[in-house]
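Everything on this sheet refers to the single structure shown next.
What follows is calculated from the coordinates using simple rules that are stated; it is not laboratory data. It should be emphasised that the depicted structure is a prediction, and the values quoted were computed from it without experimental measurement. Positions of Cβ are backbone-derived with ideal geometry, glycine not excepted, and every protein chain shown enters the neighbour counts.
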Amino acid sequence: MTSLRLSDSDLLNLELSRKARNQLSHKDRAIHNWYRFVLSFPPHLVRYYLQRFQATAKTVVLDPFAGTGTTVVEAKKLGFSAVGIEANPMAHFACSVKLDWAPRPEHLYQTAENIANATRAEIALLPHLSPTLSPDAAALLFKNAISPRPLKKILTLLGHIDRVCDRTASDLVWPHYRLALANSALYASNLRFAPEVSVARKHKADAQVVDHWLDQMKAIADDLHSLNHLSLISQPAVVHLGDARQPQHHLAPNSVDLVITSPPYPNEKDYTRTTRLESVLLGFLENKAGLQAVKHDLVRSNSRSVYRDDDDDRWIQNYPQILEIANTINQRREELGKTSGFSRLYARATTLYFGGMARHLANLRSRLRPNAQLAYVVGEQASYLRVHIPTGSLLAQIAQDLGYELIDIDLFRTRRASKTEVDLREEVVLLRWPG
Ligand SMILES: C[S@@+](CC[C@H](N)C(=O)[O-])C[C@H]1O[C@@H](n2cnc3c(N)ncnc32)[C@H](O)[C@@H]1O
């Protein structure tokens with residue numbers, strides 16, 4: 001096991017600048033950089049809590065909202081057993097590839113070079129390239145998310161990856177090629193993440209897709225090479241595609257010692273938008289019905305993903321503070337004369353959010369070992385008509401009512417709310433399960 005002695009700069013302390021606390025430092029790039037999204041937290045936060053919770057060789061670490069895998073990848077890098085749950089198929093795929101260190105790096109890169117050469121030869125025939133997306137899949141993309149020429153190049157490359165991998169399936173290398181392609185698609189796209197995803201005004205008419213992809217593959221091969229000597233390749237680490245509100249479907253009873261996670265916040269963010277382009281290109285989303293099915297498995301955090309049969313709010317009916325927040329949102333909406341269908345659902349999205357988190361925390365209890373410790377990174381919000389939502393303290397209250405002990409609420413960082421210019425706290429709610 002890698003030693004867990006941390007340098008001062010690893011610590012989650014207030015001496016770190018606001019920017020540095022959110023960034024991937026150079027020394028942390030290996031594996032984490034294979035694919036990340038704007039929602040990720042930094043690996044040094046994971047190290048800090050592993051140390052603070054005094055993780056040992058026997059510790060099993062869980063991230064029930066695994067995203068692209070910062071917690072589980074960092075835990076595996078340090079030699080701990082790790083398990084994740086993630087409901088978004090694209091994020092789940094990225095996380096599972098980042099946990100797979102089995103491919104032989106030389107073979108991985110050599111085959112990548114062959115794929116790149118075959119793709120370049122076909123691209124030379126442009127503009128006669130034929131691949132396109134199905135109309136149902138294309139309809140899921142934001143308008144002008146990617147220009148026609150880079151899109152055809154990406155699809156041509158994907159065709160070659162899939163053909164080569166069909167022939168060499170036993171080598172188990174194709175997921176790495178496809179994950180690198182997701183990055184190259186974002187590079188070639190017109191998308192901006194700032195942090196909301198939007199389409200830039202100036203479109204990229206073309207992009208060096210194949211060169212970019214091969215560079216990615218080189219970086220992946222180099223990382224695998226550098227990890228070989230750590231003998232961590234077989235360290236158990238797995239991520240399940242599933243709903244964290246039902247962890248009992250994926251985790252054995254009494255099996256988890258530590259939880260380090262960042263769930264969604266009640267912030268009107270549609271988490272499927274962040275990964276939409278690559279989800280469509282890689283075939284994780286094929287049509288509107290598929291998109292709705294994915295949204296259905298997510299904790300509600302925005303008015304665009306509220307369904308008629310949702311009933312997680314029954315879990316928080318005894319929380320006057322949450323009901324009061326919902327009432328205030330509705331009152332403000334009426335005062336402001338907002339009548340859109342979505343604004344009418346702001347209050348309900350809020351109660352469904354806390355209800356979903358309550359269901360998660362309730363169902364998690366039987367999976368935790370006695371004295372398990374938990375860290376939940378959550379942000380205060382003011383996204384719903386500027387009504388303040390103290391997410392951390394409300395989750396802490398719900399957790400305590402479910403039998404968890406509150407250890408502390410740390411300040412991770414503050415974020416300036418764009419609409420109100422007010423600093424919102426991003427906190428880490430620390431809990432203990434007495435068992
Ligand atoms: C803030 S992000 C986590 C980012 C992660 N810490 C990382 O480093 O990439 C929250 C994640 O929770 C996932 N999620 C939302 N609802 C979920 C649910 N019910 N079950 C499992 N995952 C869920 C979202 O898809 C998203 O990837």
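Things to note:
- Length added when fully stretched, ALA200-LYS218, from 0.36 nm per residue minus Cα-Cα: 3.6 nm
- Check: the stretch 180-311 dipole with +1 on Lys, Arg Cβ and -1 on Asp, Glu Cβ, in debye: 540
- Cα centroids of the stretch 131-163 and the stretch 187-260: 20 Å apart.
- Average Cα contact separation per residue, the stretch 302-435, under 8 Å, 6 or more apart, as relative contact order %: 25
- Mean projected area in nm² (Cα convex hull; one quarter of hull surface) for the stretch 302-435: 8.5
- Between ASN327 and ILE123, the FRET efficiency from the beta-carbon distance, with R0 = 56 Å, is close to 0.45.
- For the chain, the mean residue ellipticity at 222 nm estimated from helices alone is -12500 deg cm²/dmol, where every DSSP H run of n ≥ 4 contributes -39500 (n - 2.57) and the total is divided by all residues, rounded to the nearest 500.
- Within a Gaussian network of the chain (alpha carbon springs, distance under 10 Å), most fluctuating of ARG415, ARG52, ARG192: ARG52
- SER81, SER340, SER184 arranged by Cβ crowding within 10 Å, fewest neighbours leading: SER340, SER81, SER184
- In the chain, Cα pairs under 8 Å separated by at least six residues give a relative contact order of 17 percent.
- Average Cα contact separation per residue, the stretch 105-226, under 8 Å, 6 or more apart, as relative contact order %: 37
- Rh (Kirkwood; distinct C-alpha pairs) - the stretch 105-226, Å: 15.1
- Inter-centroid distance (Cα atoms) of the stretch 51-90 relative to the stretch 29-44, Å: 13
- Rounded to the nearest 20 debye, the dipole magnitude of the chain is 760 debye, with +1 charges on Lys and Arg beta carbons, -1 on Asp and Glu beta carbons, and the Cα centre as origin.
- DSSP beta bridges in the chain [antiparallel fraction, %, rounded to 5]: 60
- Amide H contacts of HIS240: GLY84, ILE85, GLU86, each under 5 Å away and 5 or more positions distant or on a separate chain (H built 1.01 Å from N in the peptide plane; Pro and chain starts excluded).
- Point-to-point label distance, GLU334-ARG304, nm (Cα→Cβ direction, 7 Å offset): 2.9
- Taking LYS202, LYS269 and counting other C-beta atoms within 10 Å, the order from fewest to most: LYS202, LYS269
- When the pairs LYS143/LYS288; LYS218/LYS295; LYS58/LYS218; LYS143/LYS338; LYS152/LYS204; LYS27/LYS58 are compared against a 24 Å limit on Cα-Cα distance, LYS218/LYS295; LYS58/LYS218; LYS143/LYS338; LYS27/LYS58 fall above it.
- Fluctuation leader among VAL256, VAL294, VAL239 - the chain, Gaussian network, Cα springs under 10 angstrom: VAL294
- Distance between the stretch 372-411 and the stretch 309-337 - C-alpha centres, whole angstrom: 17
- When the Cα positions of LEU157, ALA221, LEU140 are compared along the charge dipole of the stretch 105-226, LEU140 comes out farthest toward the positive end, with charges on each C-beta of Lys, Arg, Asp and Glu.
- Relative protection proxy for 243-254, 87-98, 273-284, 390-401, from highest mean packing down: 87-98, 273-284, 390-401, 243-254 (other beta-carbon atoms within 10 angstrom).
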